[in-house]
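Worksheet: one structure, shown below.
The values are calculated or read from the model by the stated rules, or taken from the named source; none is laboratory data. From a predicted model like this one, the values you see are computed outputs, not experimental measurements. Cβ: placed from backbone, ideal geometry, glycine included. Neighbour counts: every protein chain shown. The accessibility values were calculated without ligands, DNA or RNA, using every heavy atom of the protein model including side chains. Shrake-Rupley method; radii C 1.70, N 1.55, O 1.52, S 1.80 Å.
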Amino acid sequence: MKAGFVLFALLAVIFVLPVTCSGSREIHASSLKTAYQSARIVKNYIRDDSERLAFQIAFGTLEQIKTEEGGQSAFLKAVDGKKAQEVIALAREEVNARIAKGDKRFAQYQSWDDMVQQLTKSTPKVLGSEREQRPYE
C-alpha cells in the first residue's frame, strides 16, 4: 500500500510540476530556436499592444546589433534570462548609444522612443493579439 501511495505521489509531481513551472516570462536562450520560442511565449504575456510591439522591435534590434558585435552567442548571452521589460531597456540603451555615436542605420531617429513610434505608426495591431484571452490570465 505504501508503494502505491509513493508511486501515485511521484506521478502527481511528474505531471503537475511542469504545468506549474512552465509559465516562465523570461527568455531562455540556450539556442536561437529556444530564444525565438520563449520570446513568442513572453510576447503573449504582454497585454498592452504598444508594449508588445516595443518588445518585438527590441528583440529584433538586439539580435541585429549583438550578432554584428560578437556573433550569435553574444545575442543569446545578452537576452538569456531577461524579462520583456529588461529586453526593451537593453535595446533602448543600445539604440540610444548608437544614435549618439552617429550610426547611419539609426540616423533618421532621435531616440529609441522615436524609432518605435515611427516603426509602429502604420501598425493597427500586433500580430497574434487576436488570440483568445483565457479567464485565468
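Here are some residues: 121, 66. Which one is of a type outside the set (Gly, Ala, Ser) and either within 18 Å of residue 25 (Cβ to Cβ) or surrounded by fewer than 13 Cβ atoms within 10 Å (Cβ to Cβ) (or both)?
Checking each option against the conditions leaves just 121.
Can you give me the number of residues within the stretch 11-49 that are open to solvent by 80 Å² or more (accessible area, probe 1.4 Å), modelled with pLDDT of 90 or more and charged (D, E, K, R)?
Residues meeting the conditions: 2.
Taking the stretch 75-99, which residues are closer than 18 Å to residue 37 by Cα and open to solvent by 30 Å² or more (accessible area, probe 1.4 Å)?
The answer is 77, 80, 81, 82, 83, 85, 86.
Residue by residue through the stretch 43-56, note down the ones that are closer than 11 Å to residue 87 by Cα and either hydrophobic (A, V, I, L, M, F, W, C) or outside any helix (DSSP H, G or I) (or both).
Within the stretch 43-56, 54, 55 meet the criteria.
Sort out which residues of the stretch 54-105 are at positive phi and without any contact (Cβ under 8 Å) to a residue 12 or more places away in the chain, and write them in order of number.
71, 102
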